[in-house]
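What follows is a short report on a single structure.
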Amino acid sequence: MKFSKSILFLSAIAVFTFITLTSMSNSNQSSSGAYLEITLDIKDENRSNAGAVYVKYKQPFLDRIKGAVSKQLLLRSDDVQVLHGFKTEEDVNEYLKSELFQQDVVRELKPYLESDPEIRIYSVFSN
């Protein structure tokens, strides 16, 4: 049972990754000047539910958040990471204060988290 849920979840992620990569290659997206990496400690049995939260809020993030450029879900056996691309670091900080993040994403993910998320902000080096 656990194995079949994992396969189903991984299949869904593969489809969403394909859609994401296809849409990225077909659009004129701005390059990212900053990244927000959120690492989530989620048990295997809760990953499909957490994945559904990612899918639910990906497009609203890209459509409504100032400076949003990309959003990917990265899976490892140890944890799950969500990598957000932004035009500027200021855009990252504004997103972290936004209603979409605070009231929607955080609230819906909270039941699936084993510990507090680890949040890191990166600036892109360009020469």
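Yes or no, residue by residue, for (1) over 15 Å from Pro60 (Cβ atoms); (2) β-branched (Val, Ile, Thr):
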| residue | (1), (2) |
| --- | --- |
| Ser77 | yes, no |
| Val80 | yes, yes |
| Glu89 | yes, no |
| Ser98 | no, no |
| Phe101 | no, no |
| Lys110 | yes, no |
| Ser115 | yes, no |
| Tyr122 | yes, no |
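The set of residues in region 52-78 that are surrounded by 13 or more Cβ atoms within 10 Å (Cβ to Cβ) and at pLDDT below 95 contains only Leu75. Applying a threshold of 7 Å to beta carbon distances and a minimum spacing of six or more residues, or different chains, the list of pairs starting in region 30-48 at a residue that is at negative phi and ending at one that is hydroxyl-bearing (Ser, Thr, Tyr) and modelled with pLDDT under 95 reads Asp44/Ser6. Among the criteria (1) assigned to a helix (DSSP H, G or I); (2) in contact (Cβ under 8 Å) with a residue 60 or more places away in the chain; (3) closer than 21 Å to Lys43 by Cα, the one Tyr57 does not fulfil is (2).
Suppose we filter Leu75, Leu83 for residues that are within 22 Å of Ser126 (Cβ to Cβ), of a type outside the set (Val, Ile, Thr) and within 15 Å of the chain's Cα centre (by Cα); which single one remains?
Only one candidate passes the filter, namely Leu83.
The values are calculated or read from the model by the stated rules, or taken from the named source; none is laboratory data. A quick note: this is a predicted structure, and the numbers were derived from the prediction, not measured. Ideal geometry is used to build each Cβ from the backbone, glycine not excepted, and the neighbour counts take in all protein chains shown.
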